[in-house]
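In what follows, a structure is listed as C-alpha cells, so that the remarks can point back to it.
Every number here is computed from the coordinates shown, using simple stated rules; none is lab data. Every value quoted in this text rests on a predicted model; they were computed, and no experiment measured them. Cβ: placed from backbone, ideal geometry, glycine included. Neighbour counts: every protein chain shown.
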Amino acid sequence: MTKSILVLAILIGMGISSASPSRRFTRLAVDPVYICISNTAHKYHNDRDCRGLAKCTHQIRKVSKDQAIKMGYKPCKICTK
C-alpha cells in the first residue's frame, strides 16, 4: 500500500514539473531579452549582438522581458527602440 502511494506521488510530481518548463519556454519565445549577470549591469537587450551587451564580461542570460524588468533592468537605448 505504501509503495503505491509513493509511486502515485512521484507520477503526480512529474506531471506538474513537466508542465512548468513548457510554459516558461513559450513565454520566452514571445518576448525574450538578454541581460548581463553582473553587479554593474542594469540594461536589457533585444538584440544578442548589441554593442552594449558586447561589453559584458560576465554571463549573458536569456530571460523574458517581464522577468528582466522585475529584476530591475531598464531597456537599452541602442537596441530597444
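How much length, in nm to one decimal, is gained on full extension between M71 and D47, taken as 0.36 nm per residue of separation minus their Cα-Cα distance?
Numbers: separation 24, 0.36 × 24 = 8.64 nm, distance 1.87 nm.
The span from M71 to D47 would gain 6.8 nm if fully extended.
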Open item on the list: To make sure I understand, if each residue's beta carbon is the centre and we count other beta carbons within 10 Å, what order do S64, S38 fall in, fewest to most?
Closed with: S38, S64
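Would you list I60, I37 from fewest to most Cβ contacts within 10 Å? Don't skip to the answer; put the middle values down first.
Working: I60 15, I37 12.
In order of increasing Cβ crowding within 10 Å: I37, I60.
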